[in-house]
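Each value in this text was obtained by applying a stated rule to the coordinates, not by laboratory testing. If you're wondering where the values come from, they're calculated on a predicted model, not measured in any experiment. In this analysis, Cβ positions are derived from the backbone assuming ideal geometry, glycine residues included, and neighbour counts consider all displayed protein chains.
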Amino acid sequence: MSTDPAVRKVDGVELPSAGRGSSTRTTRASAVARHMMFTKVRGRLHEFSGAIHVDEDPTKSWAEATIKAASIDTNAADRDDHLRSPDFLDAETFPEITFKSTKLSSRNKGRFEVTGDLTIRGETRPVTLDVDFHGVATDPWGQAKAAFTATGKLQREDWGMTWNQALEAGGVLVSKSLDLEIEAQTILQS
C-alpha cells in the first residue's frame, strides 16, 4: 500500500485522497471526426480549464471543465475558421464549451463512468464518458498530481452543428459522430 498522503485505497483500488484538484497545462482536450468518410481529423482545443472534487465517497466526486471554443486547432487555418463559424461552434456567439458532471459510477478497478451536462452553442445535453484513472505521483516540486483519460462519443447535430456536404461517391464530407478525448492531469490539494 502506498504511504503517499495524496493516495488512498477504496475497495482495493488506489484513488486520490479526498480534496480538490485543478487542471494543469498538460491537460489536452480534443475531438476527432471523419473527413470524407475515411480520414480522421483531430481538433485540439488549446484553452482548457477544469476542476475536480474527490469526495470521501468516490461516487460523490465531481468534475467540471470550461473550454474556449475559438481555441480549436486542426492544423488547417481555413478549416479552423469554418469550425469557429456559425456552421459549427459559433465561437463568437458562444465562446465557451462547458461540462459539469452529474454522476460517477465505478466500473472496474480504476475505471469509471462519468455522466454530465455538456453545453455547446448554448445547448446542454447529457453525455457519458469512460474515465481511466492512471494514478497519483508527486512532481519534482512537491506537487501531488493525478492523471485521468476520458473518452466518449457525441452526435454533433444534437448541438445544432448540422452543416455538411454530400460527396459524389456517396456519404458526407464531415462525420456526424465525434470521438472526444481528454488527457487530464490535475494538481491535488487537501
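What to note about this one:
- Label of the coordinate-derived value, semi-axes √(5λ) of the Cα gyration tensor in Å, listed as (i) 47, 16, 14; (ii) 34, 16, 15; (iii) 55, 18, 14: (ii)
- Area projected by the alpha carbon convex hull of the stretch 91-181, averaged over all directions, nm²: 9.2 nm²
- Our note on the geometry: Cα centres of the stretch 18-33 and the stretch 136-172, 11 Å apart.
- In order through the stretch 25-31: 3J(HN,Hα) via Karplus (6.51 cos²θ - 1.76 cosθ + 1.60), integer Hz, x for Gly, Pro: 5, 7, 5, 10, 10, 8, 10
- Gain on full stretching of the segment that runs from ILE187 to GLN155 - 0.36 nm per residue minus C-alpha separation: 8.4 nm
- Peptides 70-76, 22-28 ordered by average Cβ neighbours within 10 Å, highest first: 70-76, 22-28
- Relative contact order, whole percent, for the chain stands at 25, derived from Cα pairs under 8 Å and 6 or more residues apart.
- Entry for the stretch 134-190 at q = 0.14, 0.20, 0.31 Å⁻¹: log10 I(q)/I(0) = -0.60, -0.79, -1.16, Debye formula applied to identical alpha-carbon scatterers, no solvent contribution.
- Checking every one of the GluC sites (Glu not before Pro) in the stretch 142-190 against DSSP loop status and a limit of 11 other Cβ atoms within 10 Å picks out GLU168.
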